[in-house]
Amino acid sequence: MTTFKGFSTVDRVRAPFTLTDADLVKQDLLNELYTRKGERVMRPNFGSIVWDLLMDPSTSDLDRRIQEDIERIVGKDPRIELLGTQVSVLDHTILAEVDLKFLPFDDVDKLYLQYERDITQGVD
């Protein structure tokens with residue numbers, strides 16, 4: 001029996017657009033993690049600050065800020081428990097591994113996040 005039911009058009013070109021349970025929860029989480037904070041109209045606190053940190057020099061403070069932002073976003077969703085986060089900052093790329101437990105289903109999964117600056121932008 002389905003606990004959560006919703007829809008998403010991400011990576012789909014035709015119906016059905018229905019997502020259920022852990023797939024829906026994961027897509028909801030990814031929507032916020034990959035949205036730049038302040039990008040959504042009328043929702044200035046929705047989204048992540050990671051996009052704004054891509055070109056910052058790699059420091060332990062930067063790793064901490066990224067980890068705190070991911071934890072803030074995951075902590076907003078009562079359907080998820082954060083088990084751990086690991087952040088790696090590379091040139092023009094931020095990688096994060098997020099271990100999650102989907103509470104209603106006792107399902108454990110790992111999200112691999114990649115934030116990458118398009119370094120070819122503006123180059124002919």
Around THR85 (Cβ within 14 Å, Cβ-to-Cβ, excluding THR85; K/R +1, D/E -1) the net charge comes to -3
Enumerate the residues in segment 54-98 having an amide nitrogen under 12 Å from the point lying 7 Å beyond the Cα of ARG117 toward its Cβ. 54-58, 90-94
For segment 11-99, give the magnitude of the charge dipole about the Cα centre (Cβ charges: +1 Lys/Arg, -1 Asp/Glu; no others), in debye to the nearest 20. 460 debye
Where does each of 28-37, 99-108 land if you order them by average Cβ count within 10 Å, highest first? 28-37, 99-108
For segment 46-124, what percent of Cα pairs sit more than 15 Å apart? 58 percent
Accessible-area ranking of VAL89, VAL41, largest first, probe 1.4 Å: VAL41, VAL89
Projecting each Cα onto the charge dipole of segment 59-124 (Lys/Arg +1, Asp/Glu -1 at the beta carbon, about the Cα centre), which of LEU62, GLN114, PHE102 comes out farthest on the positive side? PHE102
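The values are calculated or read from the model by the stated rules, or taken from the named source; none is laboratory data. Here the structure is a predicted model, which is why all the values come from computation and not from measurement. Every residue, glycine among them, receives a Cβ derived from its backbone with ideal geometry; neighbour counts consider all protein chains shown. These accessible areas exclude ligands, DNA and RNA; they are computed on the full protein's heavy atoms, side chains included. Shrake-Rupley method; radii C 1.70, N 1.55, O 1.52, S 1.80 Å.
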